[in-house]
Each structure stands twice: as structure tokens, then as C-alpha cells.
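Okay, so here's the structure we're looking at.
What follows draws every value from the coordinates through simple rules; no lab data is involved. Keep in mind that this is a model prediction, so the values were computed, not measured. Cβ atoms come from the backbone with ideal geometry, glycine included; neighbour counts cover every protein chain shown.
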């Protein structure tokens, strides 16, 4: 019994040492380009050299995913001359759970400048959002690691912009979570220092230059989404760490939907990566040339993703189609009762109009009911974020 207990203590000590070694793998002052590799995940980085200014543990502000253990928090900064113009804030779990991590509050903010739910369920999801963040103040709140970063932010010859624009991602499944926020100084585009009220949706819509900046960040987020998701799954390891383009240099798409659904995404979802993967399958003999041609055609002819407008157009077509077949039955029944073609026509028209409206409202009610049920079954889990005061979303 004593030997068994002694061996168990050794194993526990070894595991503790291993955990400590993993936790200390990332050191303050490290410099990274292209991406930063965590224990089992990778996070892509925009162009430039990024320095780890803060590394430690974070905590939850709401939600309860169970025995979540340590939330690893890392903050990296990029310098442009003597001032910091970009920050990357990373939160990820080190102990898996079994019931999922839910969504971030920012994934559902009605006042966000942009947001996209790539997929969502009660236990897993992937979303992107663009929001303003008040992090330039001398007393801007944040996690414990922020206390080491904030002095460096104010170390330049000019004070930082009071409000930065944040492109954030939340990827989670039943066990793990990755929350990444890219904070970008709008001063890079020549914007004067502005308050949070000047970056509301209403204010942005009234100013073309601000609207263009938000579109740029949304387009850039669409490019980055594939790499962020691959990094969450840990499949970027071993690949060349090519940096993401500079967010302020991404051209504004002509169509709003192209910002997040365009064909220029990076990572495995990009068109070039999928074609290269097909070529590799042919070279290895896994698929035939005929299969290659069929898959290539599917890539080239991939239809754009459906939108709510597409859904309601289809719903309208279904109503018309159904009523086309039903009107003859209604007319025949009305004529059998009235034996009058004019009266039967009036009755049929009234039935079709009434039932069509009722069908549309019935479908809309069920859509709303299903959405509310999904929302009620989806938990929200947030950490302490840079620039966000407890319970306050600007």
C-alpha cells in the first residue's frame, strides 16, 4: 500500500510538472510572426512582428461550463514606429469540459458593427464580430495580464486612440474553446481620436469613411476565419506560418456579403488550398482524373451561401406553387355547393388569399419559436476582456 501510494504521488508530481512546463512554454517577450503556437492550438497573426507582452490566467465573468480549470490568456502587441498599433488577445481553456462552452456575448450583440454566425448549436459554434473597444484610456480595464501591457501602450510619443476596432472570433465545441480578438488602432487610417459614441452603428452609417473602415475589417475577418478555425482544431501545425494580410489594406468588397463569404479566404477553405489538396489526391492515386475533374467543377461552381432573403423568396415560391394546385380543388368544391361559376370564383379567391397569408405568418411564427428555443438552450460564457468593464458593452 505504501509503495502504491508513493508511486501515485510520483505520477501526480510528474503530471503537475508537465502541466507547469506546458503553461510556461510561452514566455513574455517572445516574438512571433505568422502565427503563435499554443499547447494544442495555433492562432494566426497579421503581418509584422508580434511580441508577447502578457501571459497568465483568466477567469469567467458569466456562464458555467463546469470544471473549466485554467483559462490561458495571452496578449501580443505589434509596434509601428514608437507606438503600438495592434493587439491580439487570446483566451483558451487548458482543461476540457463535456457540456460545451456556449457563445460569447459579442456573438449576439445587437449593437455590433458586424457579426456573422458561421454555425451555432447549444454546444458548439463559430462566430465573428466587429465591435468598438475602449482600451486606450489610462485606466482601461482588462485581465491580470493587461496590467503589464497597458504601460507599453502609453509608452509612445502620442497617446493611443481611446477607441479601437476589434475583429473577434469565438470557436468552441463540446470540450474546448478559443476566443481571439484582434484590436486594431483606427489611427492607421488617419482617424482622429474618437469616443465610443462615434463608433455606434448609427454614427458609422452616417460617415462613409468609417463605414468603409468597418467594411475593410469585415472583409479581413472573412479572410482570417478559415485559419482561425483550423488553428482551433490544431491543424495548422507544420504548415508554413504565412501571416495574414494587414487588416487596413484589405480592399472593400462591392457586395456586403462578399466580405465574409468571398472566395479569397485563407487556410484549408480557400480555393487555392482546396485545388492543391485535389492535385495531391490525384498524385497519390487516391482519386482518379475523372473524380478530380468533378471535384474541381464543384469548387468552381460553388453557389453562394443562402441568406434570409433567399429563404423567404423560396417560401413565397412554395406558397404560389401550393396554391396553384389547390385553387382548382377549392373552385370545384365551391362550384359543387353553389352551382355558380362567378360566386365559386369569389369564394376560391377569398380562400386562397386568406390561407396564403395565414401560411406565411404560421411559418414565420415557427421560425421565431425555433430561434428562441435555440437561444434559450445556448449558454453564454465570457472571460475578462481588454477594454470591457464588467457587464458593460459599449
I'd like the FRET efficiency for residue 366 and residue 335, computed as 1/(1 + (r/R0)^6) with the beta carbon distance as r and R0 of 51 Å, rounded to 0.05. 0.90
How far is it, in nm, from the label point at residue 358 to the one at residue 342 when both lie 7 Å from their Cα along the line to the Cβ? 2.8 nm
Any chance you could run the full-extension gain for residue 324 through residue 192? It's 0.36 nm times the residue separation minus the Cα-Cα distance, nm to one decimal. 41.5 nm
Spacing of the two label points (7 Å from each Cα toward its C-beta) at residue 47 and residue 59, in nm: 4.1 nm
Cut-off 20 Å, label point 7 angstrom out along Cα-to-Cβ of residue 200: give me the residues of the range 211-248 whose amide nitrogen falls inside. 211-215
Taking the alpha-carbon centroid of each part, what is the distance from the range 181-202 to the range 49-85 in angstrom? 21 Å
Sorted by Cβ neighbour density within 10 Å, fewest at the top, the residues 274, 170: 274, 170
Each label point is 7 Å from the Cα along the Cα-to-Cβ direction; what then is the distance between the points at residue 249 and residue 290, in nm? 4.7 nm
